[in-house]
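A.B. asks: For reference, the structure I am asking about is given below.
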Amino acid sequence: MQARIRSIRWEADHILGFRLEPLRGSHFPAFTAGAHIDVTLQPGMKRSYSLLNNPSQQDVYEIGVQLDPESRGGSQHIHEHWRTGQVIEVSEPRNLFPLKEDARHSILIAGGIGITPMLSMMARLESLGRSWEMHYAVRSRNRAAFLERLEGLHNVQVTIDDEPETPRLDLKALIASAPADSHVYCCGPAGMLTAFREHGGPLGDRMHYEYFSADTELARDGGYTLQLKRSGKVIEVASGESMLDALLGAGVDVGFACFEGVCGSCRVPVVDGVPDHRDQFLTQAERDANNAVMACCSGARTTSLTLDL
Ligand code: FES
């Protein structure tokens with residue numbers, strides 16, 4: 001669907017906030033806290049961004065976009081080309097990071113631009129009158145986006161790395177002291193997520209996290225064959241291309257959005273062979289089941305992979 005860029009706001013160094021409004025009608029499709037939309041930047045280039053506004057606001061989608069120095073064109077394109085009034089193509093919202101709305105207490109942990117889904121969760125929990133707390137860590141004050149939305153909230157702790165007088169974020173202690181029935185959410189850079197997953201094991205299904213960028217190298221070595229069970233196609237994955245490149249190049253319809261193994265859009269069923277998983281999306285149990293692969297970033301450990309396509 002189409003949306004118009006209503007306004008663009010500087011939120012912090014290298015971070016812009018965008019308010020989008022529906023091009024037709026007065027409402028966007030409803031979304032739930034933690035959801036994201038995919039934006040189409042040009043043919044074949046989509047990126048996913050968390051919706052950061054209150055889900056009760058159906059006349060606006062708000063996203064925050066950080067200019068990534070390692071950008072493969074996504075955030076750079078947005079920062080350089082998006083203008084107020086411009087019409088852009090966006091997907092309907094999808095939620096891969098849902099909020100457990102009836103939890104007795106929720107702990108929201110954000111690092112850097114990982115604050116965006118937490119803002120929506122915070123707004124939702126506040127609307128519901130639920131108990132929650134937020135811990136937001138940033139490197140420096142000028143890189144702390146959306147700080148003014150958190151000002152005056154007694155249950156928000158902001159850690160600014162280069163301001164030692166601000167409270168330090170101790171993930172291990174925070175998780176260890178989480179009330180027994182609380183749900184704990186984390187979105188931030190790879191290092192933070194790794195620590196969260198390491199310490200969060202005892203939380204079980206009360207641990208929730210979302211990556212916003214990959215921390216592993218994408219598989220681009222090629223040298224294996226894709227056998228498509230349903231169509232009968234046989235596709236060689238060449239050196240330098242991804243499994244997704246090879247599938248799309250052969251005219252196979254596969255979804256995609258982030259190209260980094262974090263959004264789940266390019267999941268493809270595996271029938272035979274062993275993938276070389278490089279994503280952040282599949283759980284260890286799903287990897288062990290050996291029945292799915294994220295085509296944008298993963299490769300093959302066997303000379304051939306049979307996919308249910
Ligand atoms: S496109 Fe997002 S996980 Fe592959």
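The values are calculated or read from the model by the stated rules, or taken from the named source; none is laboratory data. Note that the coordinates shown come from a computational prediction; the quantities given were computed from them, not determined experimentally. Backbone-built Cβ (ideal geometry, glycine too); neighbour counts: all protein chains shown. Quick note on the areas: whole protein, heavy atoms, side chains included, nothing else; ligands and nucleic acids left out. Shrake-Rupley method; radii C 1.70, N 1.55, O 1.52, S 1.80 Å.
A.B. asks: Just checking, how many residues over segment 201-258 are under 26 Å from ALA285 (Cα atoms) and within 16 Å of the ligand (Cβ to nearest atom)?
C.D. replies: 22
A.B. asks: For the condition more than 30 Å from ASP181 (Cβ to Cβ), in contact with a helix residue (DSSP H, G or I) (Cβ under 9 Å, 6 or more places away or on another chain) and in a strand (DSSP E or B), what is the one hit in TYR136, TYR49?
C.D. replies: TYR49
A.B. asks: Which members of segment 132-160 meet the condition of being within 20 Å of ILE175 (Cα to Cα) and open to solvent by 40 Å² or more (accessible area, probe 1.4 Å)?
C.D. replies: GLU133, HIS154, GLN157
A.B. asks: Taking LEU119 and the conditions (1) touching a helix residue (DSSP H, G or I) at 6+ places or on another chain (Cβ under 7 Å); (2) not in a helix (DSSP H, G or I); (3) not small (Gly, Ala, Ser), which numbered condition does it fall short on, given that it satisfies the others?
C.D. replies: Here LEU119 clears every test but (2).
A.B. asks: May I pose another question? Checking LEU305 against (1) open to solvent by less than 20 Å² (accessible area, probe 1.4 Å); (2) closer than 19 Å to THR194 by Cβ, only one condition comes out false. Which one?
C.D. replies: (2)
A.B. asks: Which number in (1) surrounded by 14 or more Cβ atoms within 10 Å (Cβ to Cβ); (2) within 21 Å of the chain's Cα centre (by Cα) marks the one condition that PRO69 misses?
C.D. replies: (1)
A.B. asks: Select from segment 181-219 the residues that are open to solvent by 60 Å² or more (accessible area, probe 1.4 Å) and part of a helix (DSSP H, G or I) and list them in ascending order.
C.D. replies: Listed by number, the residues that qualify are THR194, ARG197, GLU198, PRO202, ASP205.
A.B. asks: What residue, of VAL156, VAL184, is of a type outside the set (Ser, Thr, Tyr) and in contact (Cβ under 8 Å) with a residue 40 or more places away in the chain?
C.D. replies: One residue alone meets the criteria, VAL184.
A.B. asks: Consider SER75 carefully, then state whether it is assigned to a helix (DSSP H, G or I), within 23 Å of ARG149 (Cβ to Cβ) and in the same structural domain as ARG6 (by TED's automatic domain parsing).
C.D. replies: Answer is yes for this residue.
A.B. asks: Can you tell me which residue in segment 1-23 is farthest from the chain's Cα centre (by Cα), limited to those that are surrounded by fewer than 20 Cβ atoms within 10 Å (Cβ to Cβ) and within 13 Å of VAL90 (Cα to Cα)?
C.D. replies: LEU23
A.B. asks: Of all residues in segment 42-67 being hydroxyl-bearing (Ser, Thr, Tyr) and within 16 Å of the ligand (Cβ to nearest atom), which is modelled with the highest pLDDT?
C.D. replies: The residue in question is SER50.
A.B. asks: Are any residues in segment 24-46 open to solvent by less than 50 Å² (accessible area, probe 1.4 Å) and in a loop (DSSP other than H, G, I, E, B), and if so, which ones?
C.D. replies: Those that are open to solvent by less than 50 Å² (accessible area, probe 1.4 Å) and in a loop (DSSP other than H, G, I, E, B): PHE28, PRO29, PHE31, ALA33, GLY34, ALA35.
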